[in-house]
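Each remark here refers to the structure printed beneath this line.
Each value in this text was obtained by applying a stated rule to the coordinates, not by laboratory testing. Keep in mind the model is a prediction, meaning the values are calculated, not measured. Neighbour counts are summed over all protein chains in view; Cβ atoms, including those assigned to glycine, are modelled from backbone coordinates with ideal geometry.
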Amino acid sequence: MSKVLIIGAGGVGSVVVHKCAAVPEVFSDILLASRTKAKCDKIAASVAERIPNAPPIKTVQVDADNVPELVALIRDFQPKMVINVALPYQDLTIMDACLETGVHYLDTANYEPKDVAKFEYSWQWAYQDRFKEAGLMALLGCGFDPGVTGVFTAYAAKHHFDEIQYLDIVDCNAGDHGKAFATNFNPEINIREITQHGRYWENGAWHETEPLSIHQPVDYPEVGPKESYLLFHEELESLVKNFPSLKRARFWMTFSQNYINHLRVLENVGMTRIDPVRFQGQDIVPLEFLKAVLPEPASLGEGYKGKTSIGCQIKGLKNGQEQTYFIWNNCDHAAVYQEIGAQAVSYTTGVPAMIGAMMMLTGKWMKPGVYNVEEFDPDPFLAVLGTYGLPWHEKVDAELAFAYPDAVAK
Ligand code: NDP
């Protein structure tokens, strides 16, 4: 039985709170803190209405960019750990506050500086010694991707391969929210991720591509073929480090033509810029302004139809023979709206965050230091992923969507 502080009352935060509240034997006392207290109160009311026997959710306003404010909040509530589902900009301030107060830490996205899109773990990995010395653990990137994709890869490596060589993470959202243009998670972070250069790992080096320039159809389970675009995604960095046998690692995501057209126009007119521009006597960042006029991810659930399908396609060696393998999850937008008023992108992020916290608090994943999910035993995590709403499937000798040329295989 543990106290937990959850920071961030957006789409993902709402899912984490509902899911933690449904497991009071682990999360006995929950405080939800965010920039706007009214959003925390709305989530607390939904939990009280939907989750039988849930502990009352306490709520409070906090500015998570402010370390002394966070330290005071943590000292007052005395949680065992903090689940950070605010924005990547707050990762380091929250980690600093955890170190100062002696509590464990978990997040779902790597730290991002405001002024430049990086999507890399260097800043957070640099906390390794400080967390170790303090006897504290920080678990990084425990959503779906990053998160479950790392657990899936670790599971494949543990149970199905002697050596994993080729990894393609395939991420499809085949849902329709009925809006002309919206992003499924925080628009600022989402648009930064998609408009940056693509990057993939091959033969010991990173290769850069023009944004969205490489694409091909992928046949997704329960969805069908969808055009999928090569992107850089942060889990590639940690997976390549933790699985040095990988000869190639790539990440693919689907976008509709409508989404890409909107994005191109917004880019062409300068609305996706992250450097400040002077407007009527003050500096504004166009992408931050754009976020303010787009629908909030948490508001998209009602009427959202269709499914997500995210998984890992892997090729490698088993007993000296070539082997292929596919492991994946499908999640239905309407079903998760019915369950807790969420949409599937928030849900597939929030459920793994709750399970990661559960792994830490029950001692199954607990060692001092800063870690990515694939560094732990995948079995206890995957044993409960379906129980808490994200059933997964696997196929050995699967037909994969990608070619593996001999030249690369050597
Ligand atoms: P939202 O924009 O819906 O929510 C973010 C929340 O953080 C909002 O409630 C916001 O407050 C709050 N917040 C922002 N700044 C501060 C601050 N300084 N102090 C306190 N609270 C703050 O985003 P999502 O819920 O969609 O995403 C949350 C996180 O999950 C992001 O880091 C995102 O990158 C990550 N993510 C990870 C995925 C994965 O699979 N690993 C997939 C999807 C998302 P306010 O409401 O006042 O703006």
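Based on Cα contacts under 8 Å between residues 6+ apart, the chain shows a relative contact order of 20 percent.
Pairs from the table (19/395; 132/364; 58/364; 58/80) lying more than 23 angstrom apart at Cα are 19/395; 58/364. The mean of 1/r over all distinct Cα pairs in segment 203-324, once inverted, gives the Kirkwood hydrodynamic radius of 18.2 Å. For segment 129-278, the calculated P(r) over all alpha carbon pairs, in 5 Å bins from 0 to the bin holding the longest distance, is 2, 8, 15, 18, 19, 16, 11, 6, 4, 2, 0, 0 percent. Working note: Cα gyration tensor of segment 135-191, eigenvalues times five, square-rooted, sorted largest first, giving semi-axes of 30, 18, 9 Å. Computed over the Cα atoms of segment 2-107, the ratio of the radius of gyration to the Kirkwood radius (Rg/Rh) comes to 0.94. Considering the chain, its Cα convex hull presents a mean projected area of 19.4 nm². Principal semi-axes of the equivalent ellipsoid, √(5λ) from the alpha carbon gyration tensor of segment 277-390, are 34, 21, 19 Å from largest down. Taking the Cα centre of the chain as origin and assigning +1 to Lys and Arg Cβ atoms and -1 to Asp and Glu Cβ atoms, the resulting dipole is close to 480 debye. When the alpha-carbon atoms of segment 81-130 are used, the pair Rg, Dmax equals 10.5, 31 angstrom. Restriction of the GluC sites (Glu not before Pro) in segment 211-316 to DSSP coil positions whose beta-carbon has at most 12 other beta-carbons within 10 angstrom yields 302. Sparsely packed loop sites in segment 167-231 (the trypsin sites (Lys or Arg not before Pro) outside DSSP H, G, I, E and B with at most 15 other Cβ atoms within 10 Å) comprise 179.
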